[in-house]
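What follows is a short report on a single structure.
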Amino acid sequence: MSDNKNLSVEEPPLEQEAAATDDATKSGQNQAPRATLRINQGKSGVRRRKPDDSVDLDAPDLYFNRELSHLQFNIRVLEQSLDASHPLLNRMLFLLIFSNNMDEFFEIRVAGLRRQVAFDREKSGVDGMRPTEVLKEISRISHEQVERQYKILNEVLIPALEERQIHFIRRDQWTAQQTAWVEDFFNNEILPVISPIGLDPSHPFPRLVNKSLNFIVSLEGKDAFGREGGMAILPAPRSLSRLIRFPDELCEGGDNFVFLSSMIHAHAELLFPGMKVKGCYQFRITRNADLTVDSEDVSDLASALRGELLSRRYGDAVRLEVADNCPDELVTFLLKQFNLTEEELYRVNGPVNLNRMMAVMGQVKRPDLEYAPFTPGLPKLLRKDEGSIFNAIRQGDILLHHPYESFSPVEDLLREAASDPDVVAIKQTLYRTGPDSNIVSALVEAARNGKEVTVVIELRARFDEADNLTLASRLQEAGAIVIYGVVAYKTHAKMMHLLRRENGRLRHYAHLGTGNYHAKTARLYTDYGLLTANQELCEDVHKVFLQLCGMGQVLNMHKLLHAPFTLHKRLVEMIEREAEYATAGKKARIVIKTNSITEPKLIKAMYKASQAGVSIDLIVRGTCCLKPGIPEVSENIRVRSIIGRFLEHTRVFSFYNDGKEEVYCASADFMERNMFHRVETCFPLLEPRLANRVRKDLETFLLDNCQSWELQSDGSYLLNSPAEGKDEVSVQETMLAAYAEKVS
């Protein structure tokens, strides 16, 4: 499943490879087959056959391994750091995002596999691979790609930044003035807060925090108590930036930075007076960071999570990163301390904590090296009606496409509702929001103004648990009713319900989205959000809130599909319906855009539809366990992944339905957890103008020949490029031009 042939670290050198990638894009060489836009008919050339029951659709060789597919997505992100079509600082950002993605991959995915092995509970997935096999393949691919990452950093990006006057000054390059400034900084900012730990019987190896920067120091001599030198551990102060800017007056122009690790290396002996420092080497440990809360033994979810958050910092070790010049005996010592093997060891040629280099993005003001800013647009209904936003929504459903269109109407709706005397109740789900967001502030104001405010907060949003606990407390203090959903099911649905008294009657309004109520990510992630006054749809939203807040049987919905009750079943039915149309010789087509596809029954339904002759285009950003292009199984299925300036996050499901086309947007991916273990919503676009608009958006994704990668049946991804004489089509740039108000 590896695509090493496409992502190798062999010749040509990386700086040539970056240029070659750009040249190939322009020339159309080595391009993958582009997804074609067609609706399958008998004369279209698409192969149609009756589903063959003799083909075992459960066969492991029809599925990619989930973890390895996830890893391939991370590699596609790394590839962006070599793409010369991105501005230089954004290329650096992609490289750092790769680091962050790999951290989470080890903290969650690798940790889960290791746990299965440790407890002798190995369970093969639909692909048939056992966890031990998967871990070996992860180790092989990860070692190759991490080595490649540092090679890109050292041989491509840092030299390119140096040419543009952004410098990372190493110790052997410090001038006398810079050396003096570093010494002063060390004495005043580092020495007072650092705590070296000598290793002896009374000072055993310390518990080190997950992903913290540390140094192992080899010492010689005797200390004040007569103890023989050996080894010590230096945990770097977490309060200090890992990248520190030199004062401009000490440099000859440009932006100049020094690594905290360089400062510590240069002055390590000051921490051990009278001792000789034989060596000082940085290292970092990655730990299992998945929280486990027993749903059958929890009386207070918030308290249980607070306890788990403390343990996350000290979970079992899953990876050790060390400087590549660290002596073997010290590496062996560290591996033993963390109960790891050579397979979990990563020797790196540079900082072990690359994520912290993201600080440079905020300290360098170089618009020439970043994407041009833009002003998100507003739909016509909101532009022409400058009065109440409720008035605009009553005129027709409003679809927002973030980040190309503004997230502010969602915030404005809540702000207006908070102060509107006619609004009597507000219900809202929050998954990833942030405690200081405008959304939370509006809910607080509404509660203080006497509105009935009910907020369903999913505390278990991974890595946002602490923030969610904080915002829960803030809302409760304001008088809002805060509910933590259903313990065994994450509340992942993105929805808001407002009840307003109009002309003596209560009227419903709602917002439904594919992404979180987070203004910052709304500028970085692509998502759809629907503002609606459609009474059937709004009543459905109200019913979902009733299920979350109270107790009772499953309620029948007018329009909404929701997990874990109706969504999976209905999706399978709609896929099977297309297969029936194709078998009858009618037009049949499915276009699915989602973040991941792993759920076996949905995959098998699409395999059967492909056999029947349904044309299926899948736009899958990340993990995809479905294998496209397999004769007699999935030859009518094409899978592409879009990686670009914005993180693709929209979930859209489009079915031709014999000409009565249906388009749904959803909070759910095609994954087991979304279908069976989360509360999700999937909402139809009922107004034809909005459904047509989203279908056109999907067609543009299938035309992209700049940022799209085509998944091959062997698991490799090939980058699409324009055919000779054809124009370049970037879906994200096209969306910016279509929807944004202004692009610089």
*Do any residues in region 693-712 that are within 14 Å of Ile616 (Cα to Cα) have Cβ atoms under 8 Å from those of residues that are of a type outside the set (Phe, Trp, Tyr) and part of a helix (DSSP H, G or I), where the two are at least six apart or on different chains, and which pairs are they?*
Phe701/Val731
*Could you please tell me which pairs satisfy a Cβ distance under 8 Å, a separation of 6+ or placement on different chains, a first residue in region 316-336 that is in contact (Cβ under 8 Å) with a residue 12 or more places away in the chain, and a second residue that is exposed (fewer than 12 other Cβ atoms within 10 Å of the Cβ) and among the polar types (S, T, N, Q)?*
Asp316/Asn339; Ala317/Asn339; Leu335/Thr341
*Scope region 413-444; condition modelled with pLDDT of 95 or more and among the charged types (D, E, K, R); matching residues*: Arg415, Glu416, Asp420, Asp422, Lys427
_Among (1) of a type in the set (Asp, Glu); (2) touching a helix residue (DSSP H, G or I) at 6+ places or on another chain (Cβ under 7 Å); (3) over 24 Å from Ser81 (Cβ atoms); (4) modelled with pLDDT of 95 or more, there is one condition Asp385 misses while meeting the rest; what is its number?_
(4)
*What tally of residues in region 721-744 results from selecting those that are of a type in the set (A, V, I, L, M, F, W, C) and crowded, with 17+ Cβ neighbours inside 10 Å?*
5
_Of the criteria (1) farther than 23 Å from Pro421 by Cβ; (2) modelled with pLDDT of 95 or more; (3) open to solvent by 50 Å² or more (accessible area, probe 1.4 Å), which one Arg474 fails_ = (2)
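Take the conditions touching a residue at least 40 places away in the same chain (Cβ under 8 Å) and touching a Gly at 6+ places or on another chain (Cβ under 6 Å) and apply them to Leu414. Does it pass?
The answer is no for Leu414.
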*Among the helices (runs of 4 or more DSSP H) contained in region 90-180, which hold 2 or more residues that are acidic (Asp, Glu) and more than 21 Å from Ile244 (Cα to Cα)?*
131-152
*Selected residue [open to solvent by less than 50 Å² (accessible area, probe 1.4 Å), over 24 Å from Ala59 (Cα atoms) and among the β-branched types (Val, Ile, Thr)] from Ile138, Ile108*: Ile108
*region 516-527 residues that are over 12 Å from Ile439 (Cα atoms) and open to solvent by 40 Å² or more (accessible area, probe 1.4 Å), paired with ones that are among the hydrophobic types (A, V, I, L, M, F, W, C) and at pLDDT 95 or above (beta carbon under 7 Å, 6 or more apart)*: Leu524/Phe646; Leu524/Leu647; Tyr525/Phe646; Tyr525/Leu647
*Inside region 575-653, counting only strands (runs of 3 or more DSSP E) that do not spill past its ends, which hold 1 or more residues that are touching an Asp or Glu at 6+ places or on another chain (Cβ under 6 Å), touching a residue at least 60 places away in the same chain (Cβ under 8 Å) and buried (at least 24 other Cβ atoms within 10 Å of the Cβ)?*
589-594, 637-642
*Of all residues in region 414-438, count the ones that are closer than 25 Å to Gly387 by Cβ and either buried (at least 23 other Cβ atoms within 10 Å of the Cβ) or in contact with a strand residue (DSSP E or B) (Cβ under 6 Å, 6 or more places away or on another chain) (or both).*
9
*Select from region 694-722 the residues that are assigned to a loop (DSSP other than H, G, I, E, B) and under 22 Å from Asn636 (Cβ atoms) and list them in ascending order.*
Asp704, Asn705, Gln712, Ser713, Asp714, Gly715, Ser716, Asn720
*Residues Leu702, Leu718: which one is among the hydrophobic types (A, V, I, L, M, F, W, C), open to solvent by less than 10 Å² (accessible area, probe 1.4 Å), farther than 28 Å from Thr491 by Cβ and modelled with pLDDT of 95 or more?*
Leu702
*asked:* If Leu685 satisfies all but one of (1) closer than 24 Å to Lys601 by Cβ; (2) in contact with an Asp or Glu (Cβ under 8 Å, 6 or more places away or on another chain), what's the number of the condition it fails?
replied: (1)
_Yes or no: region 662-672 includes at least one residue that is part of a strand (DSSP E or B), under 22 Å from the mean Cα position of the chain (by Cα) and farther than 17 Å from Leu400 by Cα._
yes
*Go through region 482-505 residue by residue and tally those that are of a type in the set (A, V, I, L, M) and under 20 Å from Leu413 (Cα atoms).*
5
*Answer yes if at least one residue in region 506-521 is under 13 Å from Glu680 (Cα atoms) and over 21 Å from the mean Cα position of the chain (by Cα), and no otherwise.*
no
*Looking for whichever is open to solvent by less than 20 Å² (accessible area, probe 1.4 Å) and over 22 Å from Val482 (Cβ atoms) here; the options are Ala510, Ala563. Which one fits?*
Ala563
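Condition check ((1) touching a Phe, Trp or Tyr at 6+ places or on another chain (Cβ under 9 Å); (2) open to solvent by 50 Å² or more (accessible area, probe 1.4 Å)) across all residues:
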{"position": "Asn349", "(1), (2)": "yes, yes"}
{"position": "Leu378", "(1), (2)": "no, yes"}
{"position": "Leu382", "(1), (2)": "no, no"}
{"position": "Ile393", "(1), (2)": "yes, no"}
{"position": "Glu405", "(1), (2)": "yes, no"}
{"position": "Val410", "(1), (2)": "yes, no"}
_Selected residue (criterion: most open to solvent (accessible area, probe 1.4 Å)) from residues of region 236-283 that are among the small types (Gly, Ala, Ser) and part of a loop (DSSP other than H, G, I, E, B)_ = Ser239
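Can you confirm whether region 145-155 contains a residue that is without any contact (Cβ under 8 Å) to a residue 40 or more places away in the chain, open to solvent by 40 Å² or more (accessible area, probe 1.4 Å) and not β-branched (Val, Ile, Thr)? Can you show your working first?
Keep residues of region 145-155 that are without any contact (Cβ under 8 Å) to a residue 40 or more places away in the chain, which gives none.
Scanning region 145-155, I find no residue that is without any contact (Cβ under 8 Å) to a residue 40 or more places away in the chain, open to solvent by 40 Å² or more (accessible area, probe 1.4 Å) and not β-branched (Val, Ile, Thr), so the answer is no.
The values are calculated or read from the model by the stated rules, or taken from the named source; none is laboratory data. Note that this is a predicted model, so its numbers are computed, not measured. Cβ: placed from backbone, ideal geometry, glycine included. Neighbour counts: every protein chain shown. The accessibility values were calculated without ligands, DNA or RNA, using every heavy atom of the protein model including side chains. Shrake-Rupley method; radii C 1.70, N 1.55, O 1.52, S 1.80 Å.
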